[in-house]
Amino acid sequence: MSSTNPKSPVRFDHRLIKKVLSTMDKVKVVAIPSEFSRVSRVFCKAGGSWERLQQGSQEEVELLRRVIKVAYDKGYLTRKEKWGG
């Protein structure tokens, strides 16, 4: 199995990014592994810790949500097309 499978990513960070995206209203993106990897790197550079996040740190969840929102707003995540709108 490969981490490039957008339906069930193997990497923890990609799975969690996908999960957080699913909870964010009006933020619909295509699951592209390279873009998720970029979000993961930015999260870490901003002081985020995947270990603390795994342990349930609410501060880490909020930081990840902010990183994802900025990436979405700046166009670093490929948006899903809206059909029939």
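The values are calculated or read from the model by the stated rules, or taken from the named source; none is laboratory data. Worth saying up front: this structure is predicted, and the values here are computed from it rather than measured. All Cβ positions, glycine included, derive from the backbone under ideal geometry; neighbour counts span all protein chains shown.
When the criteria are applied in full, VAL20 meets the requirement of being of a type in the set (A, V, I, L, M) and at pLDDT below 95.
Residue-wise test of (1) modelled with pLDDT of 95 or more; (2) surrounded by 15 or more Cβ atoms within 10 Å (Cβ to Cβ); (3) not in a helix (DSSP H, G or I).
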{"residue": "VAL39", "(1), (2), (3)": "yes, yes, no"}
{"residue": "VAL42", "(1), (2), (3)": "yes, yes, no"}
{"residue": "LEU53", "(1), (2), (3)": "no, yes, no"}
{"residue": "GLU60", "(1), (2), (3)": "yes, yes, no"}
{"residue": "LEU63", "(1), (2), (3)": "yes, yes, no"}
{"residue": "ILE68", "(1), (2), (3)": "yes, yes, no"}
{"residue": "GLU81", "(1), (2), (3)": "no, no, yes"}
{"residue": "GLY85", "(1), (2), (3)": "no, no, yes"}
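Put simply, of VAL10, VAL30 the only residue that is surrounded by fewer than 16 Cβ atoms within 10 Å (Cβ to Cβ), within 20 Å of LYS82 (Cα to Cα) and either in contact (Cβ under 8 Å) with a residue 40 or more places away in the chain or touching a Ser or Thr at 6+ places or on another chain (Cβ under 9 Å) (or both) is VAL30. Applying the condition of being under 8 Å from the mean Cα position of the chain (by Cα) and of a type in the set (Lys, Arg) to region 16-30 and asking which residue is farthest from VAL42 (Cα to Cα) yields LYS19. Scanning region 70-79 for residues that are part of a loop (DSSP other than H, G, I, E, B) and charged (D, E, K, R) turns up just one, LYS74.
Restricted to region 27-84, and to residues there that are among the aromatic types (Phe, Trp, Tyr) and touching a helix residue (DSSP H, G or I) at 6+ places or on another chain (Cβ under 7 Å), the residue that is nearest to VAL10 (Cα to Cα) is PHE36.
Which of the residues spanning region 33-47 are in contact (Cβ under 8 Å) with a residue 24 or more places away in the chain and within 13 Å of THR78 (Cβ to Cβ)? Of everything in region 33-47, those that are in contact (Cβ under 8 Å) with a residue 24 or more places away in the chain and within 13 Å of THR78 (Cβ to Cβ) turn out to be PRO33, GLU35, PHE36, ARG38, VAL39.
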